[in-house]
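First comes the structure, then the notes that go with it.
The values are calculated or read from the model by the stated rules, or taken from the named source; none is laboratory data. Quick caveat, the model's predicted, so the values are computed rather than measured. Note that we place each Cβ from the backbone using ideal geometry, even for glycine, and neighbour counts take in every protein chain shown.
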Amino acid sequence: MRYIVGFLILLYCAIGFSNSLYPLATQKQERQFDALLKEVRCLVCQNQDIADSHAPLAQDLREKIYLLVQQGKTTPFIKSYLTTRYGDFILFNPPFKGITFVLWVAPFGLLGALLLLLIRQAKRSQSR
Amino acid sequence: MRIISGRVVVLVLFILLIVCFIRALKQEPSLLPSVQIDKQLPLFKLPTLDTHTDQPPHFLATSDLQGQVALLNIWASWCSACSEEQAFLNTLSQQGLIIYGLNYKDETDAARQFLIDWGNPYYTIGQDSKGAVAMDLGVYGTPETFLIDKKGFIRYRYVGVLTQEAFERVLLPRIRLLEEAS
């Protein structure tokens, strides 16, 4: 029984791979393609990447990225192609610039400030 | 004195966070602003959806959308929400507003049937059967409506069913401004 279950799980995962549908010439290109699919957000189901999403737009984006990778375009080029049209939100990791600088730094900044306050409070209660 | 100011700082930060939280709850995060506002329309040339099959093939090109303030409506026969805004679009076009249609990833016959069923407000319709032009526009869902100025620049993008309320709130003031421009 567990072999049947194991086989079914393997089958399900295999279906999840998009690579067999998008054959590429070199392994480097395949890795580039895989990495890109995981970094690009599906704008319809916005918590999924386009590797997983079944939405038609995700399909279109996969095909476009596949085409660009086949043409030998670099990852920065492809990311720029997407963000020019859809904005930074289409990438799960927004670029480090301008307003997104605040997005990246603020959590650490807040954490640092809180730690400082805590240390100050601890020192004060120690010295009593 | 120092202990009091520390607590005040934390309290102020907390109130700020609560204010941001409440404001964020009121927003619709899944609606994305277009990053192509104030940019020119992407270059395209699409075959038109003609309602009569005996006409010679025509094209809708980017240059056609210059010279007047117009709307570019992204729609498809398979998009049920698109039928909800069709009545309002028909009203708008009857009032003289030029509305171009981009038939997104659709079949010609199904698209024609949709127009028969729900009415045709479009001045011209381009068939974007592969969705390439829509991708250049940053379309991520139907229906969407773009506001194009006299020079062919994108001035606004509305996502979702265009209601009278939404039109009067976000499009009409901009249309009035753009009409006055040369």
State which residue is nearest to B:ILE154 (Cα to Cα) when the search covers only segment A:85-99 and only residues that are within 12 Å of another protein chain (Cβ to nearest Cβ) and in a helix (DSSP H, G or I). A:ARG85
The correct count of residues that are surrounded by fewer than 18 Cβ atoms within 10 Å (Cβ to Cβ) and farther than 25 Å from B:LYS150 by Cβ in segment B:80-104 is 5
Being under 29 Å from A:TYR81 (Cα atoms), among the aromatic types (Phe, Trp, Tyr) and more than 14 Å from chain A (Cβ to nearest Cβ) is the filter here, so list the residues in segment B:136-182 that pass it. B:PHE153, B:TYR156, B:TYR158
Could you say which residue among B:ILE99, B:ILE125, B:ILE116 is in contact with a Phe, Trp or Tyr (Cβ under 7 Å, 6 or more places away or on another chain) and not polar (S, T, N, Q)? B:ILE99
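Per-residue answers, yes or no, for (1) at the interface with another protein chain (Cβ under 10 Å from one of its Cβ atoms); (2) over 23 Å from B:GLN40 (Cα atoms):
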| site | (1), (2) |
| --- | --- |
| A:LEU37 | no, yes |
| A:GLN46 | yes, yes |
| A:ASP49 | no, yes |
| A:ALA55 | yes, yes |
| A:TYR66 | no, yes |
| A:GLY72 | no, yes |
| A:THR83 | yes, no |
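Restricting the search to segment A:50-89, which residues are among the acidic types (Asp, Glu) and buried (at least 17 other Cβ atoms within 10 Å of the Cβ)?
Kept after step one, since they are among the acidic types (Asp, Glu), are these residues of segment A:50-89: A:52, A:60, A:63, A:88.
A:ASP60, A:ASP88 - these are the residues of segment A:50-89 that are among the acidic types (Asp, Glu) and buried (at least 17 other Cβ atoms within 10 Å of the Cβ).
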Would you tally the residues in segment A:1-34 being small (Gly, Ala, Ser) and either surrounded by 12 or more Cβ atoms within 10 Å (Cβ to Cβ) or modelled with pLDDT under 70 (or both)? 3
Take the conditions among the polar types (S, T, N, Q), within 14 Å of another protein chain (Cβ to nearest Cβ) and farther than 22 Å from B:LEU172 by Cβ and apply them to B:SER5. Does it pass? yes
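Name the residues in segment B:122-135 that are assigned to a loop (DSSP other than H, G, I, E, B) and either buried (at least 23 other Cβ atoms within 10 Å of the Cβ) or within 14 Å of chain A (Cβ to nearest Cβ) (or both), would you?
Here is the first cut: in segment B:122-135, the residues assigned to a loop (DSSP other than H, G, I, E, B) are B:122-124, B:129-131.
Matches in segment B:122-135: B:TYR122, B:SER129, B:LYS130, B:GLY131.
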Give all pairs with beta carbons closer than 6 Å in which a residue from segment B:154-172 that is in contact (Cβ under 8 Å) with a residue 60 or more places away in the chain meets a residue that is assigned to a strand (DSSP E or B) and charged (D, E, K, R); count only pairs at least 6 apart in sequence or on separate chains. B:VAL159/B:GLU144
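How many residues does segment A:35-49 hold that are surrounded by fewer than 14 Cβ atoms within 10 Å (Cβ to Cβ) and part of a helix (DSSP H, G or I)?
Applying the first criterion (surrounded by fewer than 14 Cβ atoms within 10 Å (Cβ to Cβ)) to segment A:35-49 yields A:35, A:38, A:47.
Remaining after also requiring part of a helix (DSSP H, G or I): A:35, A:38.
Total meeting the criteria: 2.
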